[in-house]
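Everything below concerns the one structure shown next.
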Ligand SMILES: [Zn+2]
């Protein structure tokens, strides 16, 4: 018997997963198993593992089971295929272990015809979307499962799902916190949160200048005055006070190297990816903070 199993997950906000299986038997590919399950709070991985387990149970119950020697379980998820044959790690361990127990019990099944050898359950990975008919049917079943109404006794949430949901929830709350509690300068620049902030790809020296400009904590006149720093130079060599935005206005800086800002405002230079890149290159060329607006 060839048993195709598949998992699927809807891509909307409260995504639900589905498990599907489809089995055929003999040279004439007679349908021997076909079904699906709706699995809320499951990831695709979990749905794939459940599909293999439920599919195998359906194979046991099929009308052809007494006349079947080997069951070949075919699925297009490599990670799940590996774990079904080895040690489960992470999500859905319970389901994978239950699958292995059922697979080991196959040769000793009670309904086997005497003429049929005990046989074995084999797990085999197959490429997805390769036009293999049985696999397409299992995929269809899995999608049907994800779209269907959950059964009354839905299996409990899986670890993989909980892990992702927690991470998303943490991020949502942190964003809400940041929206209310970000320092004023950050709010003025509308610097939000980014999981991969573009400025982190800047060289350290420029990143330092950028963070100083954002926070106002740096070699700036106001900052030194506020904290009573003595023995600091409060003016740029052009005579104007050092401020986070002075690089943009300083005539000496402009003379040292033509500024690439164009029509962009200083806020945009400090905020955008292209702006910070241009700032970095201009700082390199003009030596602004090293010679014109230096600390001492
Ligand atoms: Zn200046």
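The values are calculated or read from the model by the stated rules, or taken from the named source; none is laboratory data. Remember, predicted model here, so these are calculated numbers, not experimental data. Glycine gets a Cβ as well: all are built from the backbone with ideal geometry, and neighbour counts include every protein chain shown.
So which pairs qualify, if the first residue must be in the range 280-296 and closer than 14 Å to residue 259 by Cβ, the second must be more than 11 Å from the ligand (Cβ to nearest atom) and not in a helix (DSSP H, G or I), the Cβ gap must be under 6 Å, and the two must be at least 6 apart or on different chains?
What qualifies is 280/202; 282/260; 285/257; 286/257.
For the structure I just gave you, tell me whether residue 280 is closer than 19 Å to residue 189 by Cα, surrounded by 13 or more Cβ atoms within 10 Å (Cβ to Cβ) and more than 16 Å from the ligand (Cβ to nearest atom).
Numbers: closer than 19 Å to residue 189 by Cα: yes; surrounded by 13 or more Cβ atoms within 10 Å (Cβ to Cβ): yes; more than 16 Å from the ligand (Cβ to nearest atom): yes.
Against the criterion (closer than 19 Å to residue 189 by Cα, surrounded by 13 or more Cβ atoms within 10 Å (Cβ to Cβ) and more than 16 Å from the ligand (Cβ to nearest atom)), residue 280 qualifies.
So which residues in the range 263-273 are in contact with a helix residue (DSSP H, G or I) (Cβ under 9 Å, 6 or more places away or on another chain) and farther than 16 Å from residue 212 by Cβ, if there are any at all?
264, 265, 268, 272, 273
Give the residues of the range 227-241 that are within 16 Å of residue 213 (Cα to Cα) and more than 10 Å from the ligand (Cβ to nearest atom), sorted by residue number.
234 - this is the single residue of the range 227-241 that is within 16 Å of residue 213 (Cα to Cα) and more than 10 Å from the ligand (Cβ to nearest atom).
Filter the range 242-265 down to the residues that are within 23 Å of residue 185 (Cβ to Cβ) and within 9 Å of the ligand (Cβ to nearest atom), then identify the one that is surrounded by the fewest Cβ atoms within 10 Å (Cβ to Cβ).
Across the range 242-265, the extreme among qualifying residues is 249.
Which of the residues belonging to the range 222-241 are without any contact (Cβ under 8 Å) to a residue 40 or more places away in the chain and either more than 21 Å from residue 184 (Cβ to Cβ) or touching a helix residue (DSSP H, G or I) at 6+ places or on another chain (Cβ under 9 Å) (or both)?
At the first step, the residues of the range 222-241 found to be without any contact (Cβ under 8 Å) to a residue 40 or more places away in the chain are 222-231, 234-235, 239-241.
Scanning the range 222-241 gives 223, 228, 229, 230, 231, 234, 235, 239, 240, 241.
Yes or no: residue 255 on the phi < 0 side of the Ramachandran plot and in contact with a strand residue (DSSP E or B) (Cβ under 7 Å, 6 or more places away or on another chain)?
Numbers: on the phi < 0 side of the Ramachandran plot: yes; in contact with a strand residue (DSSP E or B) (Cβ under 7 Å, 6 or more places away or on another chain): no.
So residue 255 fails the test.
Looking only at the range 206-221, filter to residues that are touching a residue at least 60 places away in the same chain (Cβ under 8 Å) and more than 15 Å from the ligand (Cβ to nearest atom); which one of those is farthest from residue 174 (Cα to Cα)?
Of the range 206-221, the ones touching a residue at least 60 places away in the same chain (Cβ under 8 Å) are 206, 209-210, 219.
With more than 15 Å from the ligand (Cβ to nearest atom) added as a condition, the list becomes 206, 210.
Details: 206: 27, 210: 23 Å.
Top of the filtered list is 206.
Within the range 49-85, how many residues are within 21 Å of the chain's Cα centre (by Cα) and within 16 Å of residue 23 (Cβ to Cβ)?
1
Residues checked against (1) at pLDDT 90 or above; (2) part of a helix (DSSP H, G or I):
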| site | (1), (2) |
| --- | --- |
| 99 | yes, yes |
| 102 | yes, yes |
| 105 | yes, yes |
| 140 | yes, yes |
| 149 | no, no |
| 156 | no, no |
| 168 | no, yes |
| 172 | no, yes |
| 192 | no, no |
